[in-house]
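Student: A single structure is presented below for examination.
The values are calculated or read from the model by the stated rules, or taken from the named source; none is laboratory data. Here the structure is a predicted model, which means the values were calculated and not measured. A quick note on method: Cβ atoms are made from the backbone with ideal geometry, for glycine too, and the neighbour counts reach across all protein chains shown. Accessible surface areas use protein heavy atoms only, side chains included; no ligands, DNA or RNA. Shrake-Rupley method; radii C 1.70, N 1.55, O 1.52, S 1.80 Å.
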Amino acid sequence: MIKIALLIAIYFGAGIFILNMGIQNLSKTLLKIGEKHIKPVLLKYTKNTVTSFFSGFSLSILLQGSTPVMLCTISLINSGMMSFYSSLGIIYGANLGTTFSAILLTCNPQYLKYIVLAAGLLMKCFIRKGNLAYIGDVLISIGLIFIGISVLNLSMPIFRAQLMQSNRFARYGEHVLRPFSLSVFVTAVTHSSAAVTALTILLFKEGIVGKAAVIAIILGSNLGTCITAQIASYNTGREAVKMAWAHTLYNLAGSIAGLLLLTQLNNLLDWLINRFNWSSDLFPALCHIIINLISAIVFIPLTKPYYLLINKMVGKEKV
């Protein structure tokens, strides 16, 4: 039993470490490439809620995460270069843009990942400067992400065999609030919803967690990402604080609605998979997309009253 636990811990720990290293390195590299372009894009294409939405959406996909977009937006608001109202569309779009990571993480090529990693390492060895050096970093990061998933996946059959012997786990799986709360906590601590999503995809593929738990975990990871904006807005101007709270309440509302309508959401996802004859392995990624898409569709027409609500809650800047 001790040997089995140790084996699971080694595979699990190594997989999470490599995966997170790849995700963090990819985010940093893409931020270096696009840093000088982020602020101009956000300033130019945030004239209304729709253009703000597409700006946040596009930048979040390119930077493989909403965190760089949120942090840049907070700095622009705090410097007075952008209004709080303009940031609302960015919040909606950035949340939806993060779903692209879930699609990427669903794929796990068998041998291509080693080729990608090797190509990246060779480029780093021979090319030290310029855009090609950045491409080498990107390839290394993608290779590490897929290798991390593969290592993590090695622990899943053993993990599943042990859990299935426990009646406690069967009872645990029936309560969606527990995986939801754990997801919020882990995402807040790691500042990486992508790592939580990757783990969820593997747990679902192995049958360790069911569809209801997957939905709860995705909702929790959405809410957990808000801690970064809250930390970044600490000791800033009132407008930046409003943006952080708008992000938090947006995801909180989506999480509560998702938990209350969990059965209907599950049925919708099942219908889409059956209707288009997609693989059931796409359930977590599709769940991530649908949750953030519905949230954006609901909130975009309500942007003005939502803006007034946050203004009333947080109040005006003190002079």
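Student: On the full set of protein chains, 1.4 Å probe, figure out the accessible area of residue 272 and give it in Å² to the nearest 10.
Tutor: Taking all protein chains as shown, residue 272 has close to 30 Å².
Student: So, R0 is 51 Å and r is the distance between the beta-carbons of residue 121 and residue 257; what FRET efficiency does that work out to, to 0.05?
Tutor: The formula returns an efficiency of 0.65 here.
Student: Quick one: the Cα spread of segment 224-291 along its three principal axes, in angstroms, biggest first?
Tutor: Between the extreme Cα coordinates on each principal axis of segment 224-291 lie 50, 21, 15 Å.
Student: Using DSSP to call loops (not H, G, I, E or B), can you name the trypsin sites (Lys or Arg not before Pro) in segment 245-319 whose Cβ has at most 11 other Cβ atoms within 10 angstrom? Present the calculation step by step, with values, prior to reporting the outcome.
Tutor: Numbers: sites: 275, 312, 316, 318; in loops: 316, 318.
Loop-located and lightly packed - 316, 318.
Student: At residue 273 and residue 17, where each label point lies 7 Å from the Cα along Cα→Cβ, what is the point-to-point distance in nanometres?
Tutor: It is 3.3 nm.
Student: Give me the extension gain from residue 309 to residue 238: residue separation times 0.36 nm, minus the current Cα-Cα distance, reported in nm with one decimal.
Tutor: 24.1 nm
Student: Shape call for segment 42-97 from the C-alpha gyration tensor, a ≥ b ≥ c root eigenvalues: rounded (a/c under 1.5), prolate (a/b greater than b/c) or oblate?
Tutor: It is oblate, given that a/c is not under 1.5 and a/b is not larger than b/c.
Student: Compute the relative contact order of segment 196-319 as a whole-number percentage, counting only Cα pairs closer than 8 Å that sit 6 or more residues apart in sequence.
Tutor: 35
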